[in-house]
Structures are given as C-alpha cells and as structure tokens.
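Colleague: If you scroll down you'll find the structure; I have some questions about it.
The values are calculated or read from the model by the stated rules, or taken from the named source; none is laboratory data. Just so it is clear, the model here is predicted, and its values are computed rather than measured. Note that each Cβ is placed from the backbone with ideal geometry, even for glycine, and that neighbours are counted across all protein chains shown. The area values use the complete protein model at the heavy-atom level, side chains included, leaving out ligands, DNA and RNA. Shrake-Rupley method; radii C 1.70, N 1.55, O 1.52, S 1.80 Å.
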Amino acid sequence: MAFSSPISPSYSSHLSSKDKELYFKAKGTKLFTVNKIYPFSLLQRSPFLKADFSSQWERGESLNFSISAAVTSKEYSLDRALENTQLPKGDCWSVHKFGGTCVGTSERIGNVAEIITADQSERKLVVVSAMSKVTDMMYDLIYKAQSRDDSYLTALDAVREKHKLAAVDLLEGDDLTSFLSKLHHDVNNLKAMLRAIYIAGHATESFSDFVVGHGELWSAQLLSSAVRKNGVECKWMDTREVLVVNPTSSNQVDPDYLRSEERLEKWYSNNPSKTIIATGFIATTPQNIPTTLKRDGSDFSAAIMGALLKARQVTIWTDVDGVYSADPRKVSEAVILKTLSYQEAWEMSYFGANVLHPRTIVPVMQYDIPIVIKNIFNLSAPGTMICRSSGNEYEDGQKLESLVKGFATIDNVALVNVEGTGMAGVPGTASAIFSAVKDVGANVVMISQASSEHSVCFAVPEKEVKAVADVLESRFGQALSAGRLSQIAVIPNCSILAAVGQRMASTPGVSATLFTALAKANINIRAIAQGCTEYNITVVVKREDCVRALRAVHSKFYLSRTIIAVGIVGPGLIGGTLLDQLKDQRAVLKEKFNIDLRVMGITGSRTMLLSESGIDLSRWRELLSLKGEMADMNKFVRHVRGNHFIPNTVMVDCTADADIAGHYYGWLQRGIHVVTPNKKANSGPLDQYLKLRALQRQSYTHYFYEATVGAGLPIISTLRGLLETGDKILRIEGIFSGTLSYIFNNFTGSRAFSQVVEEAKEAGYTEPDPRDDLSGTDVARKVIILARESGLQLELSDIPVQSLVPEPLRASASPEEFMQQLPQFDQQLATQRQEAEDIGEVLRYVGVVDVVNGKGTVELKRYSKEHPFAQLSGSDNIIAFTTERYAKQPLIVRGPGAGAEVTAGGVFCDILRLASYLGAPS
C-alpha cells in the first residue's frame with residue numbers, strides 16, 4: 001500500500017510475528033493481521049487519524065484498507081491545498097541545539113524559550129535533547145525489563161512524574177491538559193512495549209530505539225508549548241518523519257540527505273512556520289523503522305538540519321563557555337579558543353575533547369556553515385566558532401598565541417605491539433592484523449608502524465585489549481611458533497595525548513618543541529603518530545604521566561604559566577632568605593613573566609611542612625612551627641613531586657650537608673631538577689661527581705649550582721660560555737671567599753689579624769666557627785669545582801691548601817676558645833703583611849686552577865697595589881679567567897661574594913633559569 005502522507009509507517013510492520021505476538025500479549029489482546037501499523041505516538045498526533053482509529057488500535061481490532069484509503073484521500077487533498085507552500089532555504093534560517101542540561105528543569109526550559117523568542121533571525125529551527133538524565137533513565141527501563149526486573153514499572157512512573165511536574169510548572173489551560181493526555185497515552189504504550197521486552201527477556205534494537213526516543217518527543221512538545229506561551233507561533237517536528245539514515249556496521253548511521261530533503265520539504269508544506277522545535281537524536285531507516293543517531297545524536301541532528309536548510313549558522317548550546325585549549329579539569333590555565341577550523345575541531349573531538357562528535361562537523365562543512373558553541377548559563381561569553389580556516393596568521397589584529405590550538409587526551413588505552421623479522425616486506429601482514437582486530441569488534445585508536453616493517457604498534461581501549469591479544473595469538477600462532485613473529489606484546493595503563501593545530505602544518509620545530517617539553521618533564525613516550533596533514537601529533541604515555549604531560553606541553557606552547565613545584569631543603573639563613581625573596585616576587589613572576597613557583601614543602605633536619613596547593617610564604621615560619629611534622633626526606637620528596645597537576649619539580653638544597661647532596665643522583669634519575677649552593681656534591685669523590693654529571697647530561701633533567709662558587713656572581717655560566725664557544729681555559733685565579741676577602745681588605749695598617757676576624761664574625765661574614773673559613777677548605781672546594789668544570793679530574797685531596805688556622809688552635813675545644821687564643825698568633829701574619837707593604841704589595845687569599853699543568857692550589861699570595869685583586873672592598877669576590885682569547889688581559893668577574901641576600905639571590909636566579917628552560921618566556 002503506497003502512502004503519500006508525511007506520517008511514517010510504524011517500524012512495527014517490520015517486526016517479526018513473534019515480536020508482534022509479544023506486544024499484543026502484553027496488551028492482553030489477540031494477535032491480528034494488519035498491512036500497515038502506525039507508531040503509537042503518531043496515532044495521537046496526526047490530524048488525519050480519528051479517535052476510533054486509536055481505539056481500534058488499543059482494542060487490537062483489524063484495520064481495513066478503506067480506512068487507509070480514506071487517510072490517503074484526505075492527505076492528497078491537503079497536499080494539493082498546500083502545494084504552493086515552498087520551503088525557503090539559506091541565510092534566513094538559524095539552527096539552535098539545546099542539550100539535556102539546557103532543558104533539565106522546567107525553569108531551564110523556560111529560559112530556552114526566552115532565548116528562542118529573543119533570537120532576531122527571520123526563521124529558526126531548534127533541535128532539543130531529552131531532559132537531563134532522561135535518556136539514561138529510558139535505557140535503564142529497557143535494561144530492567146529485559147532483566148525481568150519488575151522495578152521497571154516504578155522507574156517508568158518516575159520518568160512520567162518528572163515530565164508531569166515540568167509541564168505543571170510551565171504550562172496551563174489547554175496546553176497543559178493536552179500534554180498530560182499525550183504523556184499518559186505514551187506511557188501506557190511504553191508499559192506494553194516494556195512488558196513485551198520483559199516477557200521475551202530481550203530487547204530488539206527497534207524496540208530499544210522506540211522506547212529511548214520518547215525523551216526527545218516530550219521535551220520538544222514542552223518547549224514548543226513554552227515558546228507559544230511567549231507569543232511566538234511555532235510548530236514542533238518529530239524528526240522521525242523527516243530524517244532518514246542508513247545504519248552502518250560500526251554502530252553509527254549515515255544520513256540519506258536526498259530522501260531527508262524530500263521529506264523535510266513535504267513536512268514543511270504541511271506545517272509551515274517560522275519557528276520549528278524539532279526532536280534531536282531520533283530518525284528512521286529507509287524502511288521506516290524508528291532508530292537513533294546514537295550518542296551525541298542531537299548535535300548530529302542539528303548539523304544535518306542545518307545542512308538541509310543551508311542555514312546561516314548552527315549554535316550548539318551547552319554548559320561551558322566554549323572549546324578549551326585543554327581539559328580545564330586537568331589544566332586549570334586552559335583558555336577558551338575563539339575560533340577553530342573544521343579540521344581542528346574534528347581532530348580535537350576525536351581525541352576526547354569536549355567539543356563535538358566528529359560526525360557532527362561533516363554535514364555543515366560542505367556548505368561552510370559555522371558552528372558556534374555557546375554557554376546557556378553565561379550568555380555574555382562569546383563562545384567558540386568552528387568554521388573554515390581563513391588561513392590568516394592573525395586574529396583580532398593579534399598574532400595567534402600558539403601554533404598548537406589545543407590538546408586532548410584519551411585515557412584507559414593499551415598498546416599492542418606485533419613484532420617480528422618475518423613481517424618485513426611481506427604483503428598483507430598489516431591487513432591480517434587489523435582484520436583480526438575487526439573480527440572482535442575492537443576500536444583501533446592509533447596506529448604506528450616502523451619504516452622497517454619490523455613491527456606494528458596500535459592502541460585500543462583497555463577493556464578490549466584482552467580480546468585483541470587472544471585473537472592475534474590465535475590467528476598468528478603458527479607464525480609465532482615458526483619464529484616469523486617474535487612477540488605480540490600488550491602494554492597496559494596508557495593514555496594518548498594529541499596536539500592539534502592547523503598552523504602546525506609545514507611549520508618546522510613544532511614536534512621538537514612538543515617532545516622537548518615532554519622530555520624536560522621526564523615523560524617517556526611509548527609511541528608516536530602523525531598524519532601527513534600535520535594537523536595532529538599524537539603520543540602515547542603512561543597513564544600516570546598523562547596529566548603532567550598535558551600540563552607540560554600546554555605550558556610549553558605559552559598557553560598557560562610555567563608551573564614548578566618547589567621543595568626547599570634547609571630553611572636556615574640562606575634558605576629562609578630565599579623563601580622571603582620568593583614571597584616578595586611570586587605575584588610579579590606570575591603576572592609579568594608567566595611563572596608560577598609553588599613551594600609544596602619545606603624541610604629542616606628535624607621538622608618539615610607540607611602543602612597540597614602551595615605554602616603561604618607570608619607565614620611559612622609560623623606554619624612550620626605550628627603544623628610541622630617529623631622530617632622524613634623520602635616522604636618529603638614523594639609529596640613535592642606527587643602533584644600530577646604540576647608537571648615540573650625542583651629540589652632546592654640550601655644546606656651544606658653532604659648527606660643531602662648524596663640524594664641528587666636519585667632525584668635527577670626521577671626527573672626532579674636540582675638547584676643548590678651546596679658545594680659537597682661537586683667537590684666530593686670524583687667518581688660520584690662524574691656519575692652525577694653524566695646522568696645530568698644525558699637526560700633533560702637540570703642541575704644548576706651557580707651559587708656554589710661565587711654566590712650571586714655568574715662564574716659557572718661564564719666558564720661554560722667560554723668552553724662552549726671553543727675557547728681554551730689556561731688559568732683561573734680568584735678570591736673566592738667573601739669572608740676572607742673582607743678580612744684581608746681590612747687587614748691594613750696596625751690592625752691585628754685577630755681583631756679583623758672578630759669584626760668579621762660579629763658582622764655575620766664568617767661561619768659560626770671562623771675556622772671553617774680560615775682553614776681554606778671552602779675555597780678548596782670552589783677550586784675543585786672550577787677545575788672539574790674545566791676538564792681536570794682532580795680529587796679534593798689533590799689541592800694543597802694553606803690554612804690560616806694556627807696549628808696549635810686547630811683542635812681547640814670551641815669557637816669561643818679559638819677566638820680567645822687567636823691573638824697569640826697575630827705576629828706571624830703581621831710580619832707577612834709588613835713585608836708585602838714594604839715592596840708595595842698586599843696579601844690576598846686566593847685559589848688557583850692551573851689547567852695547563854693540571855693542578856690547583858689555595859694559598860696566601862702577594863699582589864701589587866695596581867693589580868685588580870688589590871682593588872677590592874668589603875666582601876667582594878673577584879675571578880680572573882686567562883684563556884687563549886683572553887691571554888694578554890684576563891676576563892674579570894667581580895662583585896659581592898658573601899651574605900645571605902646575595903647567595904639566596906644566586907639560587908633564585910638559577911630557579912628562574914630553570915623556568916626559562918621549561919618553557920617560561922626568557
């Protein structure tokens with residue numbers, strides 16, 4: 001029987017006789033034969049169907065052809081009456097889509113009605129989802145019914161009550177009565193349908209799609225009534241009467257645009273209106289069987305309708321301000337993107353970004369219809385526009401911030417690696433692998449193959465990996481036994497990170513920047529894939545590293561601040577001063593330099609203070625006293641590095657402790673950067689030093705120790721600059737101790753040596769025990785550090801040191817006793833001073849690195865009063881580099897070399913240098 005009516009024949013005519021029998025058994029009626037059966041919900045809506053038609057359906061009575069013919073006749077005459085009502089297309093239409101959250105309550109449905117009313121577009125088509133959670137509730141009904149769980153009836157009552165309450169809040173009068181009547185009728189039919197599923201213990205796909213689609217039917221009717229209540233004439237559309245789709249084997253559907261366009265024009269000829277409220281998610285097959293567009297189908301519906309109407313714009317209303325550069329739950333500094341190209345949105349959505357389903361973009365691309373993502377709860381937000389790229393490098397007159405538009409991740413994936421020499425050059429191997437994967441219905445997320453064809457690596461969802469591994473081992477069992485394949489390995493607990501950007505294409509250095517950022521965050525890459533379009537670079541990392549990796553690359557491309565978790569070891573004089581400096585500069589660093597230094601822990605030898613989000617540095621002393629816990633270095637390090645939202649970690653050792661220095665190797669191995677003024681590591685046993693430097697050089701973990709030699713002076717960096725530019729170091733000579741510089745700068749005239757030492761001690765220049773300075777050991781450590789930096793492999797014991805501590809006083813009981821007895825030995829140094837003055841010279845305590853002869857010394861030497869070393873004042877340090885380039889006149893570095901402020905400032909500079917290496921603007 002042919003029908004010209006826009007009313008689609010029910011899918012029921014295509015059910016098996018058993019399905020029909022179950023339905024009518026559930027209704028308590030006998031099976032009857034009928035040529036065409038109409039959808040339950042359509043029976044009540046069609047203006048052509050009389051009440052006796054519905055009652056016949058309810059009674060299960062036969063429907064004869066005379067009724068069908070009458071329907072056709074009326075329909076034909078109506079078509080003739082409306083044949084001049086043509087469907088206009090083009091920019092006059094704007095399409096809106098409102099998701100379930102947008103229509104989750106009666107109040108929100110009212111808000112949506114106001115937005116529709118306020119839209120000044122000439123014509124509007126509005127696609128609406130089911131109310132929030134309703135689709136899940138409908139699926140739950142089916143699950144309960146086929147599980148023969150009687151609670152499906154109670155659950156259905158809850159669905160009805162939800163919509164009834166919304167209608168009572170929104171509507172009144174005839175609109176309310178009409179909706180409640182339709183709701184009651186639909187629920188009764190659903191009860192019969194669910195009863196049939198209950199009896200069978202199984203739900204066919206057509207049964208399930210019919211049940212689930214009711215959420216959209218009800219929300220569309222509610223919204224259309226609310227819009228009419230605002231004084232806007234509108235019609236509502238059951239898109240099953242319009243959209244025709246072809247199911248595919250991949251649990252998706254392909255729209256039939258030609259048939260859908262014909263049906264849309266037919267529907268509009270019978271329902272002309274400037275405002276149409278359409279159901280999302282639901283459609284029919286070419287055989288007129290109700291189906292759905294699967295998950296995220298309402299977005300797809302809107303895109304298809306936009307393409308059919310050739311609309312000016314499709315607006316997707318949701319609960320976020322737009323598309324973010326990364327998941328804001330993982331990257332708090334993620335930014336809203338003003339625009340995305342179709343390709344960029346496609347790539348990002350494929351990799352799990354909260355954008356759109358990739359198929360949603362396809363219908364609008366061919367007509368260059370922009371999609372705008374807007375927040376219904378923040379109407380002032382501009383949102384994100386997805387459109388064809390203009391190819392311009394500038395946006396709003398400003399250069400785009402980054403070549404990479406955004407980052408997306410997929411968690412819970414596993415890698416499968418098929419490897420073997422027998423694969424190389426053998427046609428069909430990859431085809432056989434993926435054919436086997438297809439047979440178990442697994443989804444391949446990413447593929448990477450070595451050019452040698454020795455291995456094929458691909459990622460699948462972790463829940464599917466066992467089936468994939470089993471089928472591959474079964475299919476390739478003979479090849480494994482014969483040795484043509486060496487292994488089929490599964491690497492679980494992985495995540496995929498994708499960098500997306502259209503401007504990445506043909507731009508050198510993007511991959512290098514991405515991989516460097518991951519390396520510096522100590523992230524190991526398991527697999528890599530990049531398409532020839534270059535819009536996407538995909539890497540696989542450990543799941544536990546995913547958030548750190550995401551934050552590291554997001555920061556590197558200047559989309560967010562460079563965040564570093566800082567652990568301070570030794571909150572004494574230098575450490576405490578550094579903490580105060582960090583406190584004073586933290587806000588400036590964040591706002592002006594995009595650097596966020598978060599002190600996550602402070603530990604001394606006895607007490608430590610830990611924080612999950614960063615210690616309040618204005619109160620760190622108070623907090624350490626009040627909330628400090630027993631110091632535990634292992635726990636301290638785990639905590640500081642344990643925040644996965646902060647990709648980079650640095651330990652700042654402000655002690656002079658050899659035991660703390662012994663941790664450096666382990667920290668660097670774990671990807672923890674180290675900054676320190678502690679000389680013990682670099683001047684300790686040579687083998688440990690060489691091992692430490694080798695590790696640091698072969699990794700992307702940084703080890704900065706500028707303050708070990710010259711406090712805040714750039715001595716190490718100057719030496720490295722000379723060496724890296726090809727200069728050859730001949731000799732390094734200098735006054736490396738601010739304490740001894742002060743003492744000999746003031747050891748003039750008739751002043752006693754012990755008097756000057758006492759003065760330096762009271763001024764805070766010396767260690768608590770002045771013998772630590774006067775022994776020359778500290779200077780010797782600096783000499784050995786510079787010697788090793790210059791390429792000499794010397795031990796500390798190889799450096800002869802002239803101690804200024806008199807032999808009899810080296811074993812004094814206490815610093816106080818030493819200071820009391822020191823005047824007894826003033827004469828010896830006074831004599832040396834006088835001898836030097838007699839010939840126009842001064843005494844200076846210096847360290848020397850003689851690179852040419854491979855040795856170093858620490859001693860008291862004489863210099864003419866014209867020599868730069870004789871021109872010092874206060875506690876200044878001075879270092880002279882004699883090199884092949886600077887052979888005639890040494891390169892001099894001079895400046896303050898003592899004091900907590902200066903040393904802490906040098907450490908601070910190293911931290912900022914680290915930040916620049918990790919991505920902060922330099």
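Colleague: Run down Ser62, Ser73 and say which single residue is in a helix (DSSP H, G or I), at pLDDT below 95 and open to solvent by 70 Å² or more (accessible area, probe 1.4 Å).
Modeller: On the way: Ser62 fails: in a helix (DSSP H, G or I).
The unique qualifying residue is Ser73.
Colleague: How many residues are assigned to a helix (DSSP H, G or I) and either under 19 Å from Gln828 (Cα atoms) or touching a residue at least 12 places away in the same chain (Cβ under 8 Å) (or both) if we restrict to the range 801-817?
Modeller: Of the residues in the range 801-817, the ones assigned to a helix (DSSP H, G or I) are 807-809, 815-817.
From what is left, the residues that are either under 19 Å from Gln828 (Cα atoms) or touching a residue at least 12 places away in the same chain (Cβ under 8 Å) (or both) are 807-809, 815.
Of the residues in the range 801-817, 4 are assigned to a helix (DSSP H, G or I) and either under 19 Å from Gln828 (Cα atoms) or touching a residue at least 12 places away in the same chain (Cβ under 8 Å) (or both).
Colleague: Within the range 679-707, count every residue that is among the charged types (D, E, K, R) and either crowded, with 19+ Cβ neighbours inside 10 Å or farther than 22 Å from Ala519 by Cβ (or both). So that I can check it myself, show each step before the final result.
Modeller: Step one: of the range 679-707, the residues among the charged types (D, E, K, R) are 679-680, 687, 691, 693, 697, 706.
Subsequent filtering for residues that are either crowded, with 19+ Cβ neighbours inside 10 Å or farther than 22 Å from Ala519 by Cβ (or both) retains 679-680, 687, 706.
Matching residues across the range 679-707 total 4.
Colleague: For the range 648-678, give me each residue that is open to solvent by 40 Å² or more (accessible area, probe 1.4 Å), in contact with a helix residue (DSSP H, G or I) (Cβ under 8 Å, 6 or more places away or on another chain) and charged (D, E, K, R).
Modeller: Arg670
Colleague: A further question follows. Every residue in the range 409-421 that is at pLDDT below 90 and not in a helix (DSSP H, G or I), please. Full working, then the answer.
Modeller: If we filter the range 409-421 for residues that are at pLDDT below 90, which is where we start, we get 419-421.
Passing the criteria: Glu419, Gly420.
Colleague: Let me ask another. Considering the range 831-850 alone, what residues qualify as being within 53 Å of the chain's Cα centre (by Cα) and either open to solvent by 30 Å² or more (accessible area, probe 1.4 Å) or not aliphatic (A, V, I, L, M) (or both)?
Modeller: Step one: of the range 831-850, the residues within 53 Å of the chain's Cα centre (by Cα) are 846-850.
Scanning the range 831-850 gives Gly847, Asp850.
Colleague: Report the residue count in the range 646-687 for those that are closer than 20 Å to Asp772 by Cα, of a type in the set (A, V, I, L, M, F, W, C) and within 37 Å of the chain's Cα centre (by Cα).
Modeller: Summing the residues that are closer than 20 Å to Asp772 by Cα, of a type in the set (A, V, I, L, M, F, W, C) and within 37 Å of the chain's Cα centre (by Cα) in the range 646-687 gives 4.
Residue-by-condition table, conditions (1) open to solvent by 10 Å² or more (accessible area, probe 1.4 Å); (2) over 22 Å from Ser208 (Cβ atoms):
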residue	(1), (2)
Thr239	no, no
Val245	no, no
Thr279	no, no
Ile282	no, no
Gly322	no, yes
Glu333	yes, yes
Thr339	yes, yes
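Colleague: If I filter the range 422-441 down to residues being under 22 Å from Ile496 (Cβ atoms) and open to solvent by 20 Å² or more (accessible area, probe 1.4 Å), which single residue comes out as modelled with the lowest pLDDT?
Modeller: Selected residue: Ala430.
Colleague: What are the residue pairs meeting all of these: first residue in the range 495-509, first residue at pLDDT 85 or above and among the β-branched types (Val, Ile, Thr), second residue part of a loop (DSSP other than H, G, I, E, B) and open to solvent by 10 Å² or more (accessible area, probe 1.4 Å), Cβ atoms under 6 Å, and 6 or more apart or on different chains?
Modeller: If the second residue must be part of a loop (DSSP other than H, G, I, E, B) and open to solvent by 10 Å² or more (accessible area, probe 1.4 Å), the pairs left are Val500/Lys405.
Colleague: If a residue must be within 33 Å of the chain's Cα centre (by Cα) and open to solvent by 30 Å² or more (accessible area, probe 1.4 Å), how many such residues does the range 565-580 contain?
Modeller: Here the count works out to 1.
Colleague: Let me ask you something else. Starting from the range 572-601, keep only residues that are modelled with pLDDT under 90, then list their pairs with residues that are acidic (Asp, Glu) whose Cβ atoms are within a distance under 7 Å, requiring at least 6 positions of separation or different chains.
Modeller: Listed by first residue and then by second, the contacts come to Lys590/Asp596.
Colleague: Now a separate question. Exactly one condition in (1) touching an Asp or Glu at 6+ places or on another chain (Cβ under 6 Å); (2) surrounded by fewer than 20 Cβ atoms within 10 Å (Cβ to Cβ) is not met by Leu730; state its number.
Modeller: (1)
Colleague: Looking at His202 and the list (1) farther than 14 Å from Leu153 by Cα; (2) assigned to a helix (DSSP H, G or I); (3) not β-branched (Val, Ile, Thr), which single condition is not satisfied?
Modeller: (2)
Colleague: So which residues in the range 875-899 are open to solvent by 30 Å² or more (accessible area, probe 1.4 Å), outside any strand (DSSP E or B) and within 26 Å of Asp773 (Cα to Cα), if there are any at all?
Modeller: Once the filter is applied, which keeps residues that are open to solvent by 30 Å² or more (accessible area, probe 1.4 Å), outside any strand (DSSP E or B) and within 26 Å of Asp773 (Cα to Cα), the range 875-899 yields only Gly899.
Colleague: Hey, another quick one. Name the residue, out of Glu241, Glu216, Glu265, that is farther than 23 Å from Gly100 by Cα and at pLDDT 95 or above.
Modeller: Working: Glu241 fails: farther than 23 Å from Gly100 by Cα; Glu216 fails: farther than 23 Å from Gly100 by Cα.
Step by step, each of Glu241, Glu216, Glu265 is checked, and only Glu265 is farther than 23 Å from Gly100 by Cα and at pLDDT 95 or above.
Colleague: Taking the residues in the range 455-504 that are among the aliphatic types (A, V, I, L, M) and in contact with a Cys (Cβ under 8 Å, 6 or more places away or on another chain) as candidates, determine which candidate is nearest to Leu415 (Cα to Cα). Before the answer, list the steps.
Modeller: Step one: list which residues in the range 455-504 are among the aliphatic types (A, V, I, L, M), which gives 456, 459-460, 465, 467-469, 471-472, 479-480, 482, 485, 488-491, 496-500, 504.
Subset that is in contact with a Cys (Cβ under 8 Å, 6 or more places away or on another chain): 459, 497.
On the way: Ala459: 4, Leu497: 14 Å.
The residue in question is Ala459.
Colleague: Listed residues Leu786, Leu794, Leu822; which is over 57 Å from the mean Cα position of the chain (by Cα) and either part of a strand (DSSP E or B) or aliphatic (A, V, I, L, M) (or both)?
Modeller: Numbers: Leu786 fails: over 57 Å from the mean Cα position of the chain (by Cα); Leu794 fails: over 57 Å from the mean Cα position of the chain (by Cα).
On inspection, the qualifying residue turns out to be Leu822.
Colleague: Select from the range 483-515 the residues that are closer than 19 Å to Val444 by Cα and within 18 Å of the chain's Cα centre (by Cα) and write down the one among them that is surrounded by the most Cβ atoms within 10 Å (Cβ to Cβ).
Modeller: Ala499
Residue-wise test of (1) touching a residue at least 12 places away in the same chain (Cβ under 8 Å); (2) open to solvent by 50 Å² or more (accessible area, probe 1.4 Å); (3) at negative phi.
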{"position": "Arg148", "(1), (2), (3)": "yes, yes, no"}
{"position": "Tyr152", "(1), (2), (3)": "yes, no, yes"}
{"position": "Lys162", "(1), (2), (3)": "yes, yes, yes"}
{"position": "Leu170", "(1), (2), (3)": "yes, no, yes"}
{"position": "Thr177", "(1), (2), (3)": "no, yes, yes"}
{"position": "Asn188", "(1), (2), (3)": "no, yes, yes"}
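Colleague: OK, next. Would you mind finding the one in Ala517, Ala527, Ala498 that is touching a Ser or Thr at 6+ places or on another chain (Cβ under 7 Å), outside any loop (DSSP other than H, G, I, E, B) and under 18 Å from Ala334 (Cβ atoms)? Let's see the steps before the verdict.
Modeller: Details: Ala517 fails: touching a Ser or Thr at 6+ places or on another chain (Cβ under 7 Å); Ala527 fails: under 18 Å from Ala334 (Cβ atoms).
Among Ala517, Ala527, Ala498, only Ala498 is touching a Ser or Thr at 6+ places or on another chain (Cβ under 7 Å), outside any loop (DSSP other than H, G, I, E, B) and under 18 Å from Ala334 (Cβ atoms).
Colleague: Given the criterion aliphatic (A, V, I, L, M) and at pLDDT 85 or above, identify the matching residue among Ala450, Ala489. Talk me through it step by step, then tell me what you get.
Modeller: Numbers: Ala450 fails: at pLDDT 85 or above.
Every option except Ala489 fails the conditions.
Colleague: Pairs please, first residue from the range 478-493 and on the phi < 0 side of the Ramachandran plot, second anywhere and of a type in the set (Phe, Trp, Tyr), Cβ atoms under 9 Å, 6+ apart in sequence or on different chains.
Modeller: Arg484/Phe476; Leu485/Phe476; Ile488/Phe476
Colleague: Which residues, taken from the range 89-99, are under 27 Å from Leu222 (Cβ atoms) and either crowded, with 24+ Cβ neighbours inside 10 Å or over 40 Å from the mean Cα position of the chain (by Cα) (or both)? Please lay out each step first, then the result.
Modeller: At the first step, the residues of the range 89-99 found to be under 27 Å from Leu222 (Cβ atoms) are 92-99.
If the condition is that a residue be under 27 Å from Leu222 (Cβ atoms) and either crowded, with 24+ Cβ neighbours inside 10 Å or over 40 Å from the mean Cα position of the chain (by Cα) (or both), then Trp93, Val95, His96, Lys97, Phe98 are the ones that fit.
Colleague: State whether one or more residues within the range 371-385 are modelled with pLDDT under 90, out of contact with any helix residue (DSSP H, G or I) (no Cβ under 8 Å at 6 or more places or on another chain) and crowded, with 21+ Cβ neighbours inside 10 Å.
Modeller: no
Colleague: Among the residues of the range 753-769, what is the count of those that are open to solvent by less than 30 Å² (accessible area, probe 1.4 Å) and either aliphatic (A, V, I, L, M) or touching a residue at least 60 places away in the same chain (Cβ under 8 Å) (or both)?
Modeller: Adding up the residues that qualify gives 5.
Colleague: Right, next: Mind checking which residues of the range 115-128 are open to solvent by 10 Å² or more (accessible area, probe 1.4 Å), in contact with a helix residue (DSSP H, G or I) (Cβ under 9 Å, 6 or more places away or on another chain) and either at pLDDT below 95 or in a helix (DSSP H, G or I) (or both)?
Modeller: Just the residues of the range 115-128 that are open to solvent by 10 Å² or more (accessible area, probe 1.4 Å), to begin with: 115, 117-124.
Add one more test, that the residue is in contact with a helix residue (DSSP H, G or I) (Cβ under 9 Å, 6 or more places away or on another chain), and what stays is 117, 123-124.
Passing the criteria: only Thr117.
Colleague: Name the residue, out of Asp798, Asp772, that is free of Cβ contacts under 8 Å to residues at least 12 places away in the same chain and surrounded by 15 or more Cβ atoms within 10 Å (Cβ to Cβ).
Modeller: Values: Asp798 fails: free of Cβ contacts under 8 Å to residues at least 12 places away in the same chain.
When all the criteria are applied, what remains is Asp772.
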